[in-house]
Amino acid sequence: MCEEILPNLFRIKIPLPESPLKYLNSYVVRNSKKNLIIDTGLNRKECLEAMQNGLQKLGVELWQSDIFITHLHADHFGLVSKLASDSSDILFSRPEKELMESWEGFGAMTEYARKNGFPEDELKAALDKHPGAKYGSDWIPELKVLDEGDKISIGDYHFKCVATPGHTMGHICLYEATKKILIAGDHILIDITPNIQCWSDSQNPLKHYLSSLDKIYKMEIDKVLPGHRRLIDDHRARISELKEHHQRRLKEILEILNKHPMHAFQIASRMTWDINAETWDHFPVAQKWFATGEAIAHLRYLEDEEKVTRENKDRLILFSLNTNP
């Protein structure tokens, strides 16, 4: 599906089979000199065909197009290896580029998940079904780095890069001040909440995410163009809902820990999730992975707020309420 949102600004819906996200919103800014494609889809046949069909309908040639990636997740970046031409600039944020260049595989993440209670017999299955492992880019093209405040001008559109760490540490949005639009990637979504995961003791992604929401809240925006689902007309109302959601999550975790110390996997199994499964045991293993990562993100936030403490016991990290805040 291809639709025009504003003059020479289009959305191509890229299907995401077997994903609760359903589809990716890839945005195309068309111009006679140079086009801009924003986010790509997974590296799989269905995504490539949808992108090629959409670009053909728009009369957009890949050799005449640059590609901007909001963040490194496979549903946004995975197809870039099939789309990049020798004349294309691949535009990417500095933190995401540095993370990709230093990437040594899932080993450290797997060990951290095990320490947080993720069952070892399910770890391999979780990673085998991880979209980054299954549908990532075949190769990494040369990346042109963009930083906070950098500009991208395509025809009548003059975008400014806005760093919004949280969903990933290098997540970046594009803001067009004259037209008051924000191309938001996965920073702000409607109907669903962006997944905020943590797989390291050195990070506090939820703290960054909430700060990034406050940053966008202050901006003058008439329409948000998100990476998935519907466009958003009232960004401040949606941001308020997202912040309330995370406050409920934090409160829920404190209530769960009121009984006895637990590791993150146990906590995730007791949290409330909007998924079509009767019990935690019926959750698809990939969803258990995302849920555990989100539980850890909230626990790290509470730990930095000195509301929970941890102890290492039997090679596991156990969290409990801080009785001496």
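The values are calculated or read from the model by the stated rules, or taken from the named source; none is laboratory data. Predicted model only: the values in this text are computed from it and were never measured. Ideal geometry is used to build each Cβ from the backbone, glycine not excepted, and the neighbour counts take in all protein chains shown. These area figures cover heavy atoms from the full protein model, side chains too; ligands, DNA and RNA do not enter into them. Shrake-Rupley method; radii C 1.70, N 1.55, O 1.52, S 1.80 Å.
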| note | Considering region 182-191, residues that are more than 12 Å from the chain's Cα centre (by Cα) and more than 21 Å from Y157 (Cα to Cα), and then whichever is surrounded by the most Cβ atoms within 10 Å (Cβ to Cβ), we arrive at I190
| field | Verdict on S212 being closer than 25 Å to R248 by Cβ and either surrounded by 21 or more Cβ atoms within 10 Å (Cβ to Cβ) or not aliphatic (A, V, I, L, M) (or both) | value | yes
| Can Q197 be described as open to solvent by less than 70 Å² (accessible area, probe 1.4 Å) and over 27 Å from C161 (Cβ atoms)? | no
| Considering region 17-31 alone, what residues qualify as being at pLDDT 95 or above and either closer than 13 Å to H228 by Cβ or open to solvent by 60 Å² or more (accessible area, probe 1.4 Å) (or both)? | Y23, L24, N25, S26, Y27, R30
| field | Members of region 32-63 found to be buried (at least 17 other Cβ atoms within 10 Å of the Cβ) and under 25 Å from D156 (Cβ atoms), listed by number | value | N35, L36, I37, I38, D39, T40, M51, G54, L55, V60, L62
| Can you spot a residue in region 259-279 that is more than 20 Å from P20 (Cβ to Cβ), in contact (Cβ under 8 Å) with a residue 60 or more places away in the chain and among the charged types (D, E, K, R)? | no
| query | With K160, K129, K124, K151 as the choices, which residue is free of Cβ contacts under 8 Å to residues at least 24 places away in the same chain and farther than 21 Å from L174 by Cβ? | reply | K124
| task | Take the residues in region 64-89 that are out of contact with any Lys or Arg (no Cβ under 7 Å at 6 or more places or on another chain) and acidic (D, E), then tell me which one is surrounded by the most Cβ atoms within 10 Å (Cβ to Cβ). | result | D75
| query | Across region 164-175, what is the number of residues that are surrounded by fewer than 21 Cβ atoms within 10 Å (Cβ to Cβ) and among the aliphatic types (A, V, I, L, M)? | reply | 1
| note | Flagged in region 124-160 as at pLDDT below 95, in a strand (DSSP E or B) and among the hydroxyl-bearing types (S, T, Y), in numbering order, are none
| request: Output the residues belonging to region 90-111 that are open to solvent by less than 60 Å² (accessible area, probe 1.4 Å) and either touching a residue at least 24 places away in the same chain (Cβ under 8 Å) or acidic (D, E) (or both). | output: I90, L91, F92, S93, E96, K97, M100, F106, M109
| field | Residue that is nearest to I5 (Cα to Cα), among those in region 204-231 that are under 17 Å from the mean Cα position of the chain (by Cα) and among the β-branched types (V, I, T) | value | V224
| Residues satisfying the stated conditions in region 161-179, i.e. out of contact with any Cys (no Cβ under 9 Å at 6 or more places or on another chain) and assigned to a loop (DSSP other than H, G, I, E, B) | P165, G166, H167, T168, M169, G170, H171, A177, T178, K179
| Condition test on N204, is it among the polar types (S, T, N, Q) and surrounded by 14 or more Cβ atoms within 10 Å (Cβ to Cβ)? | yes
| Residue that is farthest from V29 (Cα to Cα), among those in region 126-160 that are open to solvent by less than 90 Å² (accessible area, probe 1.4 Å) and among the charged types (D, E, K, R) | D128
